[in-house]
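Values in this text are rule-based calculations from the coordinates and carry no lab data. Computed from a predicted model, the values in this text were never measured in an experiment. When we count neighbours, we look across all protein chains shown, and the Cβ atoms used for this are built from the backbone with ideal geometry, even at glycine.
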């Protein structure tokens, strides 16, 4: 038990003293993961709407792909993105490897199928007749989609939570394409790995606690959003 | 309210994979009237409503709005219509949000929306419900909100697809009367899909009966129900098939029609020698013991008949009788069946008024 107690004590001291560059690392993590989450939502929600509403053979195949994509290993995504952005890769000329944009690209790819699959399930649960009703009152395709997405908003909140959760805690891809450069591409997960390797368990645990706190806070906020909506609807 | 406009179709066809096909060569709901599409489940009435409402695309044919061919790409045509379905399909939010939905699509400003929502809720008897969450409404209230949502956009054509089918019988009767009053007050062109002929008679000016994807009878509500055009329609409506005959005398609006085995008096202005079709509602036919003398009344038709069948119809029995080869039906109470000893083969006296007989020229009837 000593190892845990000592590490926890050291972590608390480090967080209080401000010696550890916690907030710089946290800021980089949030900047990268929030940008990737927003991009994944912008791409994944429309894709989820199409997957959840269209009736075709192709839709079924795409749904299988999206669901399989939820289990996409981040390290594989990191590998492919790193190869693509490496000097010999097709996008090597952009010079993005070991930069924040590279990390954002990798995390967007990881979060996209998660957001698309959860959104598709949420939208598919909205009765087709409600969209028909909107059409019968004069709604065009975009207005019809907006109504369906609005009806599925509780499920979309889950898509946000799942997408953000999949990338804020991810380490393999950001390590491979970001390189864990201090002050540049070092995020909470890569910093935890580094401190652990160095045997600085106190620092690693302190960052782990901050990461856990952030994940819990985001989910408390999203769950609050869901339940307040449900409470209001029940009147 | 915008001026009503007729809606109809020409050569409309839509085939489904299972083999069912809708085929309606011509149909029209005249401007400002209510037409009911009546038929059993799966007869194609909702499909026809969807096609006329530009919610689905036909394989062939045209939808006509005010005589002009329109398609689902015609935004003005789509904005001229509004629909209410079997279930209210309200979106999450307040009653006012839902009623204002169509107005928002039409770009109405906030003030105009508020007034229109209040007016529409007032029309359906839900004034003051605007701020309520739709999750707190009863089934009847939800359906009235759905109607208010459609009325709020002041449509030129209103499409109602079995709007009362999920209501319980008591609520259904009350809402049918309320819907009829509201629709008459609005004078909007309305297509009302239902499988319930009582509901159709309460709400509609005209009725079209559908079977197997085709319209098999169409006309004024009383005529379609009173003089069924073919045996299937008669059976679906629960009445005896129409009687075919020739007018043998005509004097001061009273005619006598030879129907082959019986001569029936009716009130109509038809020339002698005309071929006509007659219909008598079972509720208008009284049965007595054959030797009895019916009470003094204006009933001109007193025919000796033989009971052919006695069929239970809920609280009443429908008794089929034969008058010299001519079939009539009478609706009789449970008690009367016992008192008269009605059974196949029993002789009875069938009595009904000349005014109870509906007369149609054969050429005026829709041919299935």
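Find the relative contact order for the range A:125-235 and round it to a whole percent, using C-alpha pairs within less than 8 Å whose residues are 6+ positions apart.
Relative CO of the range A:125-235 lands at 21 percent.
Compare B:289, B:309, B:339 in a GNM of chain B, Cα atoms joined below 10 Å, and give the one with the largest fluctuation. It is B:339. Averaged over the residues of B:81-90, the number of partner chain Cβ atoms lying within 10 Å of the residue Cβ comes to 4.
Per residue of B:98-107, other chain Cβ atoms within 10 Å of the residue Cβ number 3 on average. Considering only alpha-carbon pairs that sit under 8 angstrom and 6 or more positions apart, the relative contact order computed for chain B is 16 percent. Axis of helix A:22-53 versus longest Cα principal axis of chain A: the two differ by about 20°, to the nearest ten degrees.
For the range A:8-60, the Stokes-Einstein estimate of translational diffusion at 20 °C and a viscosity of 1.002 mPa s comes to 148 µm²/s, using the Kirkwood hydrodynamic radius over alpha-carbon pairs. Bridge orientation summary for chain B: considering DSSP beta bridges with both residues in this region, about 80 percent are antiparallel.
An ellipsoid equivalent to the range B:88-243, defined through the eigenvalues of its Cα gyration tensor, has semi-axes of 34, 16, 12 Å when rounded to whole angstrom and sorted largest first.
Taking 7 Å steps out from each Cα toward its Cβ at residue B:10 and residue A:209 produces label points 8.1 nm apart. Here each label is just a point 7 Å from Cα along the line to Cβ, and for residue A:217 and residue A:12 those points are 2.0 nm apart. The overall shape of the range B:260-361, judged from the alpha-carbon gyration tensor, is prolate: a/c is not under 1.5, and a/b is greater than b/c.
As I understand it, the value is the acute angle between the Cα axis of helix A:2-17 and the longest principal axis of the Cα atoms of chain A; what does it come to in degrees, rounded to 10? In chain A, helix A:2-17 runs at an angle near 80 degrees to the longest axis. Across chain A, C-alpha contacts under 8 Å between residues 6 or more apart give a mean separation that, scaled by the residue count, equals a relative contact order of 30 percent. The simple Förster model, with R0 at 25 Å and r as the Cβ-Cβ distance, assigns residue B:306 and residue B:269 a FRET efficiency of 0.15.
Per-residue mean of foreign Cβ neighbours for A:124-136 is 5 (Cβ atoms of other chains, 10 Å radius). Under the rule a/c < 1.5 gives rounded, and otherwise a/b versus b/c splits prolate from oblate, where does the range A:88-235 land using the Cα gyration tensor? Oblate is the answer for the range A:88-235, as a/c is 1.5 or above yet b/c matches or exceeds a/b. Between residue B:258 and residue A:43, the FRET efficiency estimated from the beta carbon spacing at R0 = 56 angstrom works out to 0.10. Distance between the modelled labels on residue B:2 and residue A:60, one decimal in nanometres: 4.2 nm (7 Å Cα→Cβ projection).
Sorted on the mean count of surrounding Cβ atoms within 10 Å across their residues, most packed first, peptides A:210-220, A:195-205 read A:195-205, A:210-220. Taking only the Cα atoms of the range A:1-147, the ratio Rg/Rh comes out at 1.15, with Rh defined as the Kirkwood radius. Dividing the summed -39500 (n - 2.57) terms of all DSSP H runs of n ≥ 4 by the residue count of the protein assembly as shown sets its mean residue ellipticity at 222 nm at -14500 deg cm²/dmol. Taking a ≥ b ≥ c as the square roots of the eigenvalues of the Cα gyration tensor of the range B:17-76, is the shape rounded (a/c under 1.5), prolate (a/b larger than b/c) or oblate? Cα axes put the range B:17-76 in the oblate bin. Each part reduced to its alpha carbon centroid, the range B:126-194 and the range A:104-158 end up 28 Å apart. Looking at chain A as a GNM with Cα springs under 10 Å, which of A:122, A:61, A:82 has the largest mean-square fluctuation? Comparing A:122, A:61, A:82 in a Gaussian network model of chain A, the most mobile one is A:61. FRET efficiency for the pair residue B:132 and residue B:187, taken as 1/(1 + (r/R0)^6) with r the Cβ-Cβ distance and R0 = 30 Å, rounds to 0.55. Quick one: angle between helix A:74-85 and the longest Cα principal axis of chain A, in degrees between 0 and 90, rounded to 10, please. In chain A, helix A:74-85 runs at an angle near 90 degrees to the longest axis. Restricting the calculation to Cα atoms, chain B shows an Rg/Rh of 1.05 when the hydrodynamic-style radius is the Kirkwood one.
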